[in-house]
1. Protein chains only, probe 1.4 Å: how do SER238, SER136 rank by accessible area, largest first?
2. Considering the dipole of region 292-421 built from charges on the beta carbon (Lys and Arg +1, Asp and Glu -1) around the Cα centre, which of HIS362, LEU302, ILE346 is farthest to its positive end?
3. Quick one: putting +1 on the C-beta of Lys and Arg, -1 on the C-beta of Asp and Glu, what dipole do you get for the chain around its Cα centre, in Debye to the nearest 20?
4. With +1 on the Cβ of every Lys and Arg and -1 on the Cβ of every Asp and Glu, and nothing else charged, how large is the dipole of region 78-134 about its Cα centre, in debye rounded to the nearest 20?
5. Carbon and sulfur together cover what percent of the accessible area of region 228-334 at a 1.4 Å probe radius?
6. Tell me the Rg and the Dmax, in Å, that the Cα atoms of region 51-194 produce.
7. Whole-Hz Karplus ³J(HN,Hα) for region 77-94, in order, using 6.51 cos²θ - 1.76 cosθ + 1.60 and θ = phi - 60°, x for Gly and Pro?
8. At a threshold of 8 angstrom on Cα-Cα distance, excluding pairs fewer than six apart, so keeping six or more, what relative contact order does region 67-129 reach in percent?
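The values are calculated or read from the model by the stated rules, or taken from the named source; none is laboratory data. Only a predicted model underlies this, so the values are computations on that prediction, with no experimental measurement involved. With ideal geometry, Cβ positions are generated from the backbone for all residues, glycine too; neighbour counts draw on all protein chains shown. Note: areas computed on protein heavy atoms with side chains; ligands, DNA, RNA excluded. Shrake-Rupley method; radii C 1.70, N 1.55, O 1.52, S 1.80 Å.
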Amino acid sequence: MKVGIIGSGGREHALCHALKKSDKIKEIYCFPGNAGTAKIAQNISLDLQDFNNLKEFIFLKKIDLIVVGPEKPLVDGIVDFLEKQNIKVFGPNKIAAQLEGSKIFTKNLCNKYKIPTAKFGIFTNKEDANIFLNSSNFPLVIKADGLASGKGVYICEKKNKAIEAINEIFDGKFGDAKNLLIEEFLEGEEMSYFVISDGKTIKNFGTAQDHKRVLEGDKGKNTGGMGAYSPSRLISDSLDKKIINKIIKPTLRGLKELGATYKGFLYAGLMIIKNEPYLIEYNVRMGDPECQTILPKLNSDLLEIIISCCDGSLDKTKINWHDKKSLSIVLCSKGYPDEFEKNIPIKKLNQIKIRDNMFCYHAGTKIIKNEVCSIGGRVLNFVCLSESFKESRNEILNTLNLLSWENGFFRKDIGYKVINE
Ligand code: AMP
Ligand code: GLY
């Protein structure tokens, strides 16, 4: 089979690596991929703003299946476009992708189907939002509607911060976000919860906890994710049942009533408060770095699972997992999530030995003059599978020390809540 993967991050390298293991794979194309995928697939640079470019390439190379990694093309309707051409594609369609594309869409769904979530109000102008602040308790959370690459969320301890946030959002900091949400602040512990669905059947696809803040001790600015561990320390059978029954199933029922079935990975960002789940947000894709952290635990053929989702036969497909602890640490460019230098060679990458229970997934990398160079904020993901989170973390830290990339930095405390020092 010939498979195409859309995206260029660590998540897509992990997907590419897992798919490559299938006996049925003949060729993989990555649009555009990175230096890691270049070793196991063909990287193809196309302008994906115009889906026609992709369609033509798919027909030219006779690609059998497209797997969409990131949210943007999903929200823009790539699945609807490709399906119209009878191209097999894994990911939710445009209606379903609003779960991530519009926070207001999701909140309205929560209201209608009584899905537990933070109390909220929707505001379409500065005046109304500011008047609401006069009668609010703090902290509260202000969110731009629409895609904002994880940056459109403000946790406001005080009123002046809330006023600033309202101004920034309505002054166009997040492009087309014309509305905002003001939400109750939920105090608990976060968990990333994943399912995969073919529209009829839902199957568990793991849990994780990621560390979004740039500094140790979960301090500093928000990032795309500095590292994660799987499984989450919070998950239990009883919590799992609550999440499925109170959150996932009503969501998929709601979509069905809007005429959409959900095919693809679904990622629920949850706040767990006293063993009760509350929905913070949905993402219509795997998480990054959660995907890199979870996929090494998969003990089944990913290609078969994905095809069964496209064909509506997920109920007949077994998904098995290794009973191991997986942990990932992201090596970033110094300066991230703000300004950072690009095109810096990672000199020792070819010399370090990656053990069998370890994985090095590339993210912002590119081969320049035969050398792997950094071109992004998050550069490499090191993942280790072992009997304990502590062992996994130690093995990665040893490897990162051997790599000693002078332009990079990483958090040494990933998983601190599950690792007793
Ligand atoms: P989001 O982009 O919606 O996931 O928000 C980014 C981060 O903000 C989340 O991972 C949470 O840490 C935090 N957050 C969002 N909404 C809330 C809320 N209602 N209460 C507390 N924290 C929140
Ligand atoms: N790690 C968070 C995300 O993928 O959105």
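1. Output order, biggest surface exposure first: SER238, SER136.
2. Value computed over the given set: ILE346.
3. In total the dipole reaches around 580 debye.
4. Using only the charged Cβ atoms, the result is roughly 180 debye.
5. 47 percent
6. Expressed in Å, the Cα Rg and Dmax of region 51-194 come to 18.7, 60.
7. 3J(HN,Hα) across region 77-94, in whole Hz: x, 5, 5, 4, 4, 6, 5, 4, 8, 6, 9, 6, 9, 9, x, x, 7, 5.
8. It comes to 25 percent, rounded to a whole number.
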